[in-house]
1. If we count every other residue with Cβ under 11 angstrom of residue 149's Cβ, Lys/Arg +1 and Asp/Glu -1, where does the sum land?
2. Cβ neighbours within 10 Å, averaged per peptide: list 145-151, 94-100, 6-12, 104-110 in order, most packed at the top.
3. Any idea what the relative contact order of the chain is, in percent, if you count C-alpha pairs under 8 Å spaced at least 6 apart?
4. What does the net charge come to around residue 69 if you take all other residues with beta carbon closer than 14 Å to its beta carbon, with K and R at +1 and D and E at -1?
5. Provide the FRET efficiency to the nearest 0.05 for the residue 164-residue 87 pair, computing r from the beta carbons and using R0 = 25 Å.
6. Give me the one-decimal nm value for the distance between modelled label points at residue 183 and residue 69, 7 Å along each residue's Cα-to-Cβ direction.
7. Do me a favour and compute the ellipsoid semi-axes for the stretch 6-185 from its Cα gyration tensor, root of five times each eigenvalue, largest one first, whole Å.
8. Rule-of-thumb check for the stretch 101-172: C-alpha Rg over 2.2 N^0.38 Å?
Amino acid sequence: MAAALAEGLLVDLVPYGRRFLDLEHRWLNDEGVFWWAVGGRWFATKAGLERERLEDDHQRHTQFGLQTKDGTPIGLVGINWMPPEHRAAMLTAFIGDPAYWGGGYGTDGLLLLLQYTFDWLDARRVWLMTMSLNERVVRQMEKVGFRLEARQRRATWAANGWHDMLTYALERDEWPGRAVLIERLGLQA
Ligand SMILES: CC(C)(COP(=O)(O)OP(=O)(O)OC[C@H]1O[C@@H](n2cnc3c(N)ncnc32)[C@H](O)[C@@H]1OP(=O)(O)O)[C@@H](O)C(=O)NCCC(=O)NCCS
């Protein structure tokens, strides 16, 4: 079992390594990618994925494995892009196994990622984009306190229809801290 870099209530952030890479290949060819890639479908090969990960620009990209308390790897969270001159971090989150969706794991992971990004990396703001169809993310953004900053109308095609693309952001002075949010959301182990 990988040692935790940050300990949550339901999940830990752990180093993203071989265990995750092998599973990510499966996840990327499964249902979750439709949501992650906003209506997209991929055909990911192990070799392609490995090459992509090795070539990642670690100055701008940080990825953590998301692991349940019993050591099961379920997904990843990270920063896709954070230009140091702006200190604005674009976040990503992907629970690969749908059995773990909607159970609070993603929010627990998001709070750990926010703590790392604001308190350790000293980011000024975090942001992400999703499609309006992705109700889990919309709900998560609302409950954690992100603001809806932009709506691109009918910008993406998914599930036989056009959907808006939504940009959500949270600035550091709007982040009350992990402990406050855990209490506010009633997140429990
Ligand atoms: C996005 C993701 C990381 C969120 O993590 P999660 O563990 O599923 O989210 P949580 O359970 O913490 O929170 C989701 C909220 O949406 C609610 N929800 C779940 N399914 C829902 C649905 N079909 N419709 C509306 N709300 C829903 C949950 O009840 C929860 O709200 P609550 O705490 O008020 O009950 C995860 O669902 C995921 O990886 N999905 C696939 C990939 C993806 O969409 N990535 C993000 C792309 S922008």
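Derivation of every value follows stated rules applied to the coordinates shown; laboratory data play no part. Not measured: the values here are computed from a predicted model. With ideal geometry, Cβ positions are generated from the backbone for all residues, glycine too; neighbour counts draw on all protein chains shown.
1. Numbers: positive: 125, 147, 151; negative: 171.
With Lys, Arg at +1 and Asp, Glu at -1, the neighbours total +2.
2. Working: 145-151: 14.3, 94-100: 17.9, 6-12: 20.3, 104-110: 23.0.
The packing order, highest mean first, is 104-110, 6-12, 94-100, 145-151.
3. Numbers: 318 pairs, mean separation 36.4, N = 189.
Dividing the mean separation by the residue count of the chain yields 19 percent.
4. Working: positive: none; negative: 7, 12, 70, 108.
Value of the local net charge: -4.
5. Values: r = 28 Å, r/R0 = 1.11.
Once the sixth-power term is evaluated, E becomes 0.35.
6. That separation, rounded to one decimal, is 2.0 nm.
7. Working: eigenvalues 102, 87, 59 Å².
Square roots of five times the eigenvalues give 23, 21, 17 Å.
8. Working: Rg = 13.3 Å, N = 72, 2.2 N^0.38 = 11.2 Å.
Taking N as the residue count of the stretch 101-172, the ratio is 1.19.
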